[in-house]
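Each remark here refers to the structure printed beneath this line.
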Amino acid sequence: MAPAEVRQIRPQPGPQLQFLSSAADIAVYGGAAGGGKTWALLIEPLRHIENPGFGAVFFRRTTVQVRNEGGLWDESHKLYAEIGGAPRKAALAWRFPSGASVSFRHLEHDKSVYGWQGAQIPLICFDELTHFSERQFWYLVSRNRSTCGVRPYVRATCNPDADSWVASFIAWWIDPETGLPIPERAGILRWFVRIGDALVWADRPQDLADHLDPVGRRPIPPKSLTFVPAKLTDNAALMAADPGYLANLMAQPTVERERLLLGNWKVRPAAGLYFQRGWCKLVDAAPAELDVVRGWDLAATPKTERNDPDWTCGVKIGRDRRTGRFIVLHHVRTRDTPAHVQALIKNTASQDGPSVEISLPQDPGQAGKAQVAALTLALEGFVARGTPETGDKLTRFGPFSAQAQAGNVDVLRGLWNEDWFTALEGFPEASHDDDADATARAFNAFLHRLNSQGLLDLVRRQAVGDAPTLAPGSLEWEQTQGEG
């Protein structure tokens, strides 16, 4: 009988190996998408699984994020089952033959940390550290204790977020001008002590010896921190397994592309980054063969001299069946009473015709359902659908922004152009974002339709020119894969 094949599981050379080799008390890994962050985090506990007293806990902000397709729980099966781990699905935990354990938990609310009072966790792992509050992080650090012989330590992954507390925490490793990691500082340890809510930093632990704890008047033991940046090009395994993932990142709007592809910690959403009128070509006629959607964003407060209410906006977008290009066909808006808003939507539908799909936002709760039901009834004879909003405004607007920046969006010349251009160029800093919301709703209705038809990859290829074909229907922004 031939001997069983031995499968080696090891980190990839470069940042992944550097992260897993770090001696820091706290090590943060990533700063871009596709760098193999989740896989590196999952392999970390395996060095201790022969220790019967060892336990590691992985945290994500919500249980849904733990269970997501391709998330921590799914990926853990590819590693832990290979080496004798026994899964406990209901508890989201693994038990190894020695008795060592790895658990996956959530910290959805700040007060969730108090469920860990009295806990001793030798290894704490945060997946997407920027999703957690600073308070949650430091409280869990106080639970980072060990009686099993393993020196307690913390490991974390993250994507850039200029407004997160993490940006300040790892600022020494980031170029303040460009927002990009400083290559020569990658993996270098710095030491700190925490005095109240402030961190005091030094290059060597002995340089902090003068800082005494207020009770025993003894030197506060310093902790070490390091940051190891990684990006998609550092993950050769993922680049080979899914070459289309680069196209996914290239197809993102400017801010997300800077963050997820380049690891930029300084870029923020600002007017002009998500839309510029120069990205679109003005045309005098629309193609003959179009699929058309009208997206609405709803409000119902009349304008007076003393107020500046939101707008009710409707944006009509078509997609050329022959070329796949998009064209913005019409824009209308008003600030008026509910009755006048309903009349505008019905009259606009009559002018658009029954072939135009109507997409309406459904607010949470019974009132939102009732509003959509009344509008749908008023639009009898038209294809009208009400759906809840998913994701934040920037996320929803992102797909349209990426296509516009790639030059794949035309605009039909009309008197409404200036209002629409101005509103979108001010997004997200302008006081009103209703026009952007209506535009995103119309465009994303197309993405939903294309996804159901298996054609979403064609839209993404448009945004990056001759990029490789992507997997139909793939909406993942980040996948991680090790070498094995």
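The values are calculated or read from the model by the stated rules, or taken from the named source; none is laboratory data. Please read all numbers here as calculations on a predicted model, not as lab measurements. Note: ideal-geometry Cβ built from the backbone for every residue, glycine included; neighbour counts use all protein chains shown.
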Inset, instruction - Test residue 427 against the criterion of being touching a helix residue (DSSP H, G or I) at 6+ places or on another chain (Cβ under 9 Å), within 26 Å of residue 161 (Cβ to Cβ) and surrounded by 14 or more Cβ atoms within 10 Å (Cβ to Cβ), and give yes or no. - result: yes
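Conditions (1) in a helix (DSSP H, G or I); (2) under 15 Å from residue 317 (Cα atoms), marked per residue:
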{"residue": "367", "(1), (2)": "yes, no"}
{"residue": "372", "(1), (2)": "yes, no"}
{"residue": "382", "(1), (2)": "no, no"}
{"residue": "389", "(1), (2)": "no, no"}
{"residue": "400", "(1), (2)": "yes, yes"}
{"residue": "404", "(1), (2)": "yes, yes"}
{"residue": "410", "(1), (2)": "no, yes"}
{"residue": "414", "(1), (2)": "no, yes"}
{"residue": "418", "(1), (2)": "yes, no"}
Considering the range 251-279, residues that are under 15 Å from residue 233 (Cβ atoms) and of a type in the set (A, V, I, L, M), and then whichever is surrounded by the most Cβ atoms within 10 Å (Cβ to Cβ), we arrive at 260
Original post:
In this structure, does residue 202 turn out to be among the small types (Gly, Ala, Ser), surrounded by fewer than 20 Cβ atoms within 10 Å (Cβ to Cβ) and under 19 Å from residue 224 (Cβ atoms)?
Top reply: yes
| When you look at residue 284, is it over 30 Å from the mean Cα position of the chain (by Cα) and touching a residue at least 40 places away in the same chain (Cβ under 8 Å), yes or no? | yes
Among the residues of the range 165-182, the number that are crowded, with 19+ Cβ neighbours inside 10 Å and either over 20 Å from the mean Cα position of the chain (by Cα) or under 22 Å from residue 59 (Cα atoms) (or both) is 5
(message) When you check residue 12 against the structure, is it buried (at least 18 other Cβ atoms within 10 Å of the Cβ), modelled with pLDDT of 90 or more and not in a strand (DSSP E or B), yes or no?
(response) no
Check: Does at least one position in the range 77-88 carry a residue that is out of contact with any Leu (no Cβ under 6 Å at 6 or more places or on another chain) and within 29 Å of residue 261 (Cα to Cα)?
Finding: yes
Quick count over the range 107-123, residues being outside any helix (DSSP H, G or I) and within 23 Å of residue 48 (Cα to Cα), is 6
Among the residues of the range 15-42, the number that are charged (D, E, K, R) and modelled with pLDDT under 90 is 1
Picked from the range 398-431 (must be among the charged types (D, E, K, R) and at pLDDT 95 or above), the residue farthest from residue 248 (Cα to Cα) is 413
